[in-house]
1. Hey, can you tell me all the residues within region 122-141 that are assigned to a loop (DSSP other than H, G, I, E, B) and either among the aliphatic types (A, V, I, L, M) or buried (at least 20 other Cβ atoms within 10 Å of the Cβ) (or both)?
2. Limited to region 34-56, what total is found for residues that are free of Cβ contacts under 8 Å to residues at least 60 places away in the same chain, more than 20 Å from VAL135 (Cα to Cα) and in contact with a Lys or Arg (Cβ under 9 Å, 6 or more places away or on another chain)?
3. Give, as residue ranges, the strands (runs of 3 or more DSSP E) completely inside region 47-121 that count at least 1 residues that are under 16 Å from ILE22 (Cα atoms) and β-branched (Val, Ile, Thr).
4. Identify all residues within region 244-254 that are buried (at least 17 other Cβ atoms within 10 Å of the Cβ) and either of a type outside the set (Val, Ile, Thr) or touching a residue at least 60 places away in the same chain (Cβ under 8 Å) (or both); write none if there are none.
5. Scan LEU163, LEU241 and give me the residue that is closer than 20 Å to MET8 by Cα and surrounded by fewer than 24 Cβ atoms within 10 Å (Cβ to Cβ).
6. Being out of contact with any Pro (no Cβ under 6 Å at 6 or more places or on another chain) and of a type in the set (Gly, Ala, Ser): is that true of ALA159 here?
7. Scan region 31-46 for residues that are charged (D, E, K, R) and either under 18 Å from ASN78 (Cα atoms) or assigned to a helix (DSSP H, G or I) (or both) and report the count.
Amino acid sequence: MGRMNRFMRNGRSIIIAYDQGIEHGPTDFDGRNVDPKFVIDIANKGGFDAFACQKGIAEKYHEMIEIPLLIKLNAKTNIYGKEPVAKQLCSVDYASRLGAAAVGYTIYIGSEFEADMVQEFGKIEEEAHDAGLAVVLWVYPRGEYVKDDTARDMVAYAARAALEFGADAAKVKYTGDKESFSWVVKSAGNVPVYMAGGKKTKNESEFLTHVSGALDAGAAGIAVGRNVWQSSDPLRTAKVLNELIIDRKSPEKVTKTA
């Protein structure tokens, strides 16, 4: 797992994500989690292995963040509804000066602007590796010709792209079952695959079932945001995830003991 080893415990890890403010706007927030200090406190106390955010959060709050920092280098808003493109807004050098241990980048494969993002990422990946930073690639199939962005072969394509592009880890959507997701993991070769936490699920059991399925398929962990900091008891949710992912307990057992 190379550069991702520093983020691993028992071969797995949990990334807490807080980059949704630019990606989705205010709809993800309430009176508690709109405050970065609230989420950073969860990150520090919840047993997470990295904190993912955009450069603005890192600039204003990096001194409060006690766990490894993963800074996203590109972004887009959710207002423009056509072919997606997320362009670089933070340099590798600046992320390093802010204390980043890793950098992240999103590529929307299938988008009309795919080539622009791929080219930009190629330069970023080389710069980051020269600086000794791990590179996590968010890979999401999007665009006019993508009919189902969680279909097995589409997500496997995303995972394989992460390997071919030179990423140290891939963050992809869950396909819905262990069998299909195992093909996704195999397609990534020796690049660790992280399941994207996605929207807040209707209940914890549904979310834990998805996480467990991804782990059984060989995932290295999850990159989760809303299903933690939108929870009524985020630190309890963090404890459950640590027991499930790091301690490798069953979903039934972790919910009984939480």
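1. Within region 122-141, ALA131, LEU133, TYR140, PRO141 qualify.
2. 1
3. It comes to 69-72, 100-107.
4. Once the filter is applied, which keeps residues that are buried (at least 17 other Cβ atoms within 10 Å of the Cβ) and either of a type outside the set (Val, Ile, Thr) or touching a residue at least 60 places away in the same chain (Cβ under 8 Å) (or both), region 244-254 yields LEU244, ILE245, ILE246, LYS249, PRO251.
5. The match here is LEU163.
6. For ALA159, the condition - out of contact with any Pro (no Cβ under 6 Å at 6 or more places or on another chain) and of a type in the set (Gly, Ala, Ser) - is met.
7. 3
Per-residue answers, yes or no, for (1) over 18 Å from the mean Cα position of the chain (by Cα); (2) farther than 26 Å from SER250 by Cα:
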{"residue": "TYR140", "(1), (2)": "no, yes"}
{"residue": "VAL155", "(1), (2)": "no, no"}
{"residue": "ALA170", "(1), (2)": "no, no"}
{"residue": "VAL191", "(1), (2)": "no, no"}
{"residue": "TYR194", "(1), (2)": "no, no"}
{"residue": "GLY198", "(1), (2)": "no, no"}
{"residue": "VAL211", "(1), (2)": "no, no"}
{"residue": "ASP216", "(1), (2)": "yes, no"}
{"residue": "ALA223", "(1), (2)": "no, no"}
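The values are calculated or read from the model by the stated rules, or taken from the named source; none is laboratory data. Note that this is a predicted model, so its numbers are computed, not measured. Because the Cβ atoms are built from the backbone with ideal geometry, glycine has one as well, and the counts that use them run over all protein chains shown.
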